[in-house]
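Worksheet: one structure, shown below.
The values are calculated or read from the model by the stated rules, or taken from the named source; none is laboratory data. Please read these numbers as outputs of a predicted model, since none were measured by experiment. Don't worry about glycine lacking a Cβ; one is built from the backbone with ideal geometry, like all the others, and counts go over all protein chains shown.
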Amino acid sequence: MKFIFLLTFILSSQVLHASSCCGGGSSSSLIITGDNIEEWNLGMSYRNDLGQTDNLGWASFHNDGITDHQSALNFQYQRQIIEQFQLAAKSSLIQKTIEKQNRKEVKNGLGDLELQASFEFLPEFTYSAYKPRGFVYSKLSIPNSRSLYDSKSAIYSDVRGSGLYSISIGSFFLKRFASTTLKAGLEAQHLFGRSFDQSHLNDYNKIILPLGITYSFDPMPISLGFNSTWNYQTKKQLTGEINTTSSKEYFWELGTFINWTVNREETWGITYSDSTLVGKNINSPLYRSFSLNYTHATEL
């Protein structure tokens, strides 16, 4: 496992210190969009958190004495159960490294588990010059780490997610024109509040809007894509001994990826994502991330 994380760091360091021009991966919300009955995906990722923006959009970057890195081994499985209906699951093994306040901590553990059911309500049985393929889906997220509100670490090294259960409802559309494919989606997520020792966090919501374009260099087995994802989070209210209400959060993530189709069953992909490039981000993390992915598919 240490070798995997070291390899991820070596690969990602070559990208994260390059010129910032693009970011993000293909956003299909755990949906099979090709002619496959199932897909297995194994990925290694590395994320470097650079700082944070405040409620006015001003950025505060970490100084040289602060490190906030996250490496992960990601697992994803998607399966078509019957025509137009799919199930999927996704999880990860995460190593988090934080150094600040004169201390350094490295913690390992599982990331959140995601379970999703999808239905293709706009199938492409016959060719249409304008009509896209359309999917609707529902996703359940199960937390596997502590939250910011019950962390046992002074520098939050044991926090690998929101720490909350959530359910999402979304839609995803794609349309192919010759070698170009356009993608768009919309997801609404509801996070269920919970009680802690001396406080209670109320429910809150998120909205995610992914957009993307992919170009296939036929007959070469290579495709190149660009994505943008807008993330919005409503205010969070914490009640108890001290009542606080956080401001809303929103930010853009930009991404680019390149995929190499080895054969009908195997695909390799490289992805770079960046949240520092576009828009006036509010109360949001500033980060860059890199991932290397392998997909094994079984055709219908």
Please list, ordered by residue number, the strands (runs of 3 or more DSSP E) wholly in the stretch 28-144 having 3 or more residues that are polar (S, T, N, Q).
36-53, 67-82, 85-100
Going by what's in this entry, would residue 150 be described as within 25 Å of residue 47 (Cβ to Cβ), in contact (Cβ under 8 Å) with a residue 12 or more places away in the chain and either surrounded by fewer than 20 Cβ atoms within 10 Å (Cβ to Cβ) or of a type in the set (A, V, I, L, M, F, W, C) (or both)?
yes
State yes or no: is residue 271 under 15 Å from the mean Cα position of the chain (by Cα) and part of a strand (DSSP E or B)?
yes
For the stretch 167-226, which residues satisfy the criterion of being over 15 Å from residue 258 (Cα atoms) and not in a strand (DSSP E or B)?
178, 192, 193, 196, 197, 198, 202, 203, 219
Tell me, please, whether a residue that is of a type in the set (A, V, I, L, M) and modelled with pLDDT of 95 or more can be found in the stretch 236-246.
no
Residue in the stretch 71-94 that is nearest to residue 32 (Cα to Cα), counting only those that are in contact (Cβ under 8 Å) with a residue 60 or more places away in the chain and not small (Gly, Ala, Ser)
80
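One line per residue, one yes/no per condition, for (1) among the aliphatic types (A, V, I, L, M); (2) without any contact (Cβ under 8 Å) to a residue 12 or more places away in the chain; (3) within 17 Å of residue 248 (Cα to Cα); (4) touching a Leu at 6+ places or on another chain (Cβ under 9 Å):
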position	(1), (2), (3), (4)
209	yes, no, yes, yes
213	yes, no, no, yes
217	no, no, no, yes
224	yes, no, no, no
230	no, no, yes, yes
Which one is farthest from the chain's Cα centre (by Cα), of the residues in the stretch 85-117 that are modelled with pLDDT under 95 and polar (S, T, N, Q)?
102
Can you tell me which residue among 139, 131 is surrounded by 15 or more Cβ atoms within 10 Å (Cβ to Cβ) and closer than 24 Å to residue 31 by Cβ?
139
Would you say residue 23 is part of a loop (DSSP other than H, G, I, E, B), touching an Asp or Glu at 6+ places or on another chain (Cβ under 6 Å) and modelled with pLDDT under 95?
yes
Yes or no: residue 97 touching a residue at least 12 places away in the same chain (Cβ under 8 Å), among the hydroxyl-bearing types (Ser, Thr, Tyr) and out of contact with any Gly (no Cβ under 6 Å at 6 or more places or on another chain)?
yes
Does residue 162 satisfy being at pLDDT below 95 and within 18 Å of the chain's Cα centre (by Cα)?
yes
Sort out which residues of the stretch 253-276 are surrounded by fewer than 21 Cβ atoms within 10 Å (Cβ to Cβ), among the hydrophobic types (A, V, I, L, M, F, W, C) and within 16 Å of residue 47 (Cα to Cα), and write them in order of number.
270
